[in-house]
Structures are given as C-alpha cells and as structure tokens.
Amino acid sequence: MSETQKYLTISALTAYLKRKFDADPYLQKVYVTGEISNMGRRRGRHLYFSIKDPSGRAVISAAMFSYANRLKFQPEEGMKINAVGHVQLYEPNGTYAIILDDMTPDGVGALFLAYEQLKKKLSAEGLFSFPKKKLPLLPRKIAVVTSPTGAVIEDIVRTVQRRFPSAQVVLYPAVVQGEKAAKTIIKQIKRIDKSNQYDTLIVGRGGGSIEDLWAFNDEMLARTVTEVSIPVVSSVGHETDNTLIDFVSDHRAATPTAAAELATPVTLTQLITRLNELQVRLQLTLQQQIDVKRQRVARVANHVIFQQPDRLYVGYNQRVDQLRHDLEQLMQQHIVAARHRLTVVSQRQSQMSQQILQQPREKLQLLAAKLDSMSPLKILVRGFVVMEKEQQVVKSIQEIAAEDQVNLRLSDGVAKAKIIETSKLTHE
C-alpha cells in the first residue's frame, strides 16, 4: 500500500461514520433528557431545535418531523423534556442529530401541559369572558349532544320528564371519545344552531381520565361553542373534572342530572303552585278593588247632589238671572243712548234740510208762479177754447173738415162737437 492510499476523502470518512451510526444498535433508540434550546426553527410541519444539559456543557441538535400530529402540547424554549429517537449522521456537513419519535414534558403529562397552554391562549383571547346567555325559564325544546348509548341521555330525559314534561328533549348522537369525537361534536352543535328550533343545548358525557375527556379540550370545539346563539350547558366528566368547554359554555353542570335541572329552572309543580298563588292573589286584589269601587259608588250615590239634584242648578240659575238682568239693563242703556243719538241726528237733519231746501223752494215757487201764469188753463178761464181732434190739438183750419168729430176743452170741462162748415180767414 502506497503512502497516499492511507488517506481518506471527507466523503468516504463521513460515509463510514454514517454506516457505523446506522449499524450501532445503541443509537437506534436513544432516551435523552434535557432542556429545549434554539426553539423557533420550524419549517412547515417539521420542528428543528437543540437539546442541552441543564449545565449547558453539552448540546445536541434535534428534529421532529410532522410534530403537530404527534404532540398534544406546544414545545417552548427552556422546557425540560424526555425524548425518544435515533441518532443520525447528516453526510453533507458531517453533523449528527437525534431524530425524535416521541417527546413528553418532564415532570408533567403532555396532555395536561397542552391543556394548560391552550387554556392560557383562549383566556388571553377573551373567550372565557364573553357574556353568558341566560337559560329560558320555560324551555320548549332541549338539544343534547352526547353518546346515544351512555347513561347521560337517560339521566337527562328522565330528569326533564320529571321536572318539566312539556319540554321536548332531542338527542343528537356523537362520538364522545377518541380522535373523531371533537369533529362529530362540532358538526352536531352547528346543526343544532343552524336549525333555529331549540332554546337550550346540553353537551355532555360521563367521567373518565384526561385522555378520555380530551375531545372536549379541542380548540375548534371551544371556539364553536362561543359562536352558538342559544345558551350552552356543559356536563362533561365528574365535578372535579375540568375541560375547556366548561370555560366557554354559558353554564357548567357537575352531572347530567344537574344539567337537566339547569335547563329546566322551573318545575311543573313549581309552575302550578306559582300559578295557584297568583290566582289567589289576583282574586284577592280584584275583590279589594271591587270593594273600594263599591264604597266609592256608595259615597257618590249618597251625595247631596244625587239626593237633591235641583240644588246642582241653583247657583247656575242665579247666575243666569243675574246675567239676564245685567243684559237687559245694558240693552236698555244702549237703546236710550241710541234713541237720543237718533233724535239729535233727526233734529240736525231737519234743520239742515230746511236750510238746504229754503232757497230752492223759494225759487221753485217763483218758477211755479211764472209757469202757472203761462198755463193754457189760465187762458181758458178768460173764454178761450182748445180744440182737439183725435187727441191732437187743432192748430189750423186745414186740420179739420166738415163732419169731423172734435173735442172742445173748456176751463171746467170737455164738450164734443161736429164741424158743420169750415172757412179760411182772409187778411186784407
């Protein structure tokens, strides 16, 4: 062998070491404990970080593929863990790391840690502080999401029938344990809320370990419950068990029986008793009001006005008489004043008429005298006659002829005459 053949390439050395790592049975399944360091190198579904001793003297790189499907909790910086995996050499850079198959928190269960982490997250978002919806006093339809074969639905139905038989209980069957439980519960809750037929919703199952109840710690289930429009009663596990659905529900019951009692706050017996009490109180109140009204009617009926109704009008009659007297006096005063004014006006008018007509009257008399002196009647008195033919005054001899009938108007009457002969005067 030549001197140069003793030397290996880096690739050959790395490949040799990788075969040693892969063949070593002690490195195929390694149990390590330490603190998480350099957290934050998440690449999609994969997680890359380091595990170090608490003293910090030794560090090893670690990776976990598809960690979200394997872990219930969220790894955090500085968290002490117990991990199981195999050691693998990465040929391109010659580094080695532990590829984890499982990881659990040291000193506390993984499920409990996941529960605390999610509880802290939802509380910070305010999901636990939403206003709680009140349960109806007289429910009509109660929806129950639970296993169809468990004792939960039997206890709820029996309790509701005993307390408030008119309420209808409708079962929405769901898987309440295992990986598919949360999805089926969410699906049924959405169906109930969408139907708008129910006024109360109970979600429940019997007791069990944290693993058995883990479906009720699902984040999507908790968010779905906060979005429901009707009040939700949570009855999961025993009284000491706490799940996230208990914190986001409007009411929490320790047992299915207690949940049914919350959903029926008033029993049929209590309702009947209360109605009887109200009926008695109503009768007493009505009787008291009737007695008071009767006493008032009696007082009114015995009033002096109803005994002597004419007294009601005495004051009005006196007032009317007084008003009539005042009105008559007022009218008399107005009449006297009007008469006085009329007399004064008449006297003034007469005086003014005399003054105004004096001169025209004198002129009229003068003209009448002149006219009378010129009147034909005055001429007739002196012996003149006016001849009329056919109601026309005859002014010329030519207007008449022999045998004509004429009227002769004298001063004191009319005479009829007949023309015997006419002759025309001649002037010399």
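The values are calculated or read from the model by the stated rules, or taken from the named source; none is laboratory data. Predicted model, so just to flag it, every value in this text is computed and none were measured. All Cβ positions, glycine included, derive from the backbone under ideal geometry; neighbour counts span all protein chains shown. Surface areas here come from the heavy atoms of the whole protein model, side chains and all, with no ligands, DNA or RNA. Shrake-Rupley method; radii C 1.70, N 1.55, O 1.52, S 1.80 Å.
Within region 290-300, identify whether any single residue is among the β-branched types (Val, Ile, Thr), assigned to a helix (DSSP H, G or I), out of contact with any Leu (no Cβ under 6 Å at 6 or more places or on another chain) and at pLDDT 90 or above, and answer yes or no. Within region 290-300, one or more residues are among the β-branched types (Val, Ile, Thr), assigned to a helix (DSSP H, G or I), out of contact with any Leu (no Cβ under 6 Å at 6 or more places or on another chain) and at pLDDT 90 or above. Take the conditions (1) in contact with a strand residue (DSSP E or B) (Cβ under 7 Å, 6 or more places away or on another chain); (2) within 30 Å of LEU275 (Cβ to Cβ); LEU171 misses just one of them, which is (2).
Checking the conditions here, which among TYR90, TYR48 is open to solvent by 30 Å² or more (accessible area, probe 1.4 Å), over 55 Å from the mean Cα position of the chain (by Cα) and touching a residue at least 12 places away in the same chain (Cβ under 8 Å)? Result: TYR48 is the single residue among TYR90, TYR48 that is open to solvent by 30 Å² or more (accessible area, probe 1.4 Å), over 55 Å from the mean Cα position of the chain (by Cα) and touching a residue at least 12 places away in the same chain (Cβ under 8 Å).
Here ILE356 does not fit the description of being touching a strand residue (DSSP E or B) at 6+ places or on another chain (Cβ under 9 Å), assigned to a helix (DSSP H, G or I) and not aromatic (Phe, Trp, Tyr).
Going through (1) under 30 Å from LEU410 (Cβ atoms); (2) not in a loop (DSSP other than H, G, I, E, B); (3) not basic (Lys, Arg) one by one, GLY383 falls short only on (2). Check off (1) in contact with a Pro (Cβ under 7 Å, 6 or more places away or on another chain); (2) open to solvent by 50 Å² or more (accessible area, probe 1.4 Å); (3) in contact (Cβ under 8 Å) with a residue 60 or more places away in the chain for ARG223 and give me the number that stays unchecked. That leaves (1) as the condition not met.
Filtered by the rule that a residue be open to solvent by 50 Å² or more (accessible area, probe 1.4 Å), of a type in the set (A, V, I, L, M, F, W, C) and touching a residue at least 12 places away in the same chain (Cβ under 8 Å), region 245-296 gives PHE247, LEU262, LEU268. Within region 139-175, the set of residues being of a type in the set (S, T, N, Q), closer than 19 Å to LEU268 by Cα and open to solvent by 30 Å² or more (accessible area, probe 1.4 Å) comprises GLN161, SER166, GLN168. Looking only at residues in region 386-407 that are part of a loop (DSSP other than H, G, I, E, B) and not charged (D, E, K, R), which one is surrounded by the most Cβ atoms within 10 Å (Cβ to Cβ)? Per the criteria, the residue is VAL394. Would you confirm, using the coordinates I've provided, whether ALA114 is open to solvent by 60 Å² or more (accessible area, probe 1.4 Å) and in a helix (DSSP H, G or I)? It is false that ALA114 is open to solvent by 60 Å² or more (accessible area, probe 1.4 Å) and in a helix (DSSP H, G or I).
Checked against (1) over 32 Å from the mean Cα position of the chain (by Cα); (2) not in a helix (DSSP H, G or I); (3) not charged (D, E, K, R), ILE272 passes all but condition (2). For region 176-219, the set of residues classified as acidic (Asp, Glu), open to solvent by less than 60 Å² (accessible area, probe 1.4 Å) and over 40 Å from the mean Cα position of the chain (by Cα) consists of ASP212 only.
Being within 30 Å of VAL228 (Cβ to Cβ), open to solvent by 40 Å² or more (accessible area, probe 1.4 Å), at pLDDT 75 or above and assigned to a loop (DSSP other than H, G, I, E, B) is not true of LYS120. Can you find a residue that is of a type in the set (A, V, I, L, M, F, W, C), within 18 Å of SER249 (Cβ to Cβ) and either modelled with pLDDT of 85 or more or in contact with a Cys (Cβ under 6 Å, 6 or more places away or on another chain) (or both) anywhere in region 128-141? Yes, because at least one residue in region 128-141 is of a type in the set (A, V, I, L, M, F, W, C), within 18 Å of SER249 (Cβ to Cβ) and either modelled with pLDDT of 85 or more or in contact with a Cys (Cβ under 6 Å, 6 or more places away or on another chain) (or both).
Residues that are of a type in the set (Phe, Trp, Tyr) and in contact with a Lys or Arg (Cβ under 7 Å, 6 or more places away or on another chain) within region 292-322 are absent altogether.
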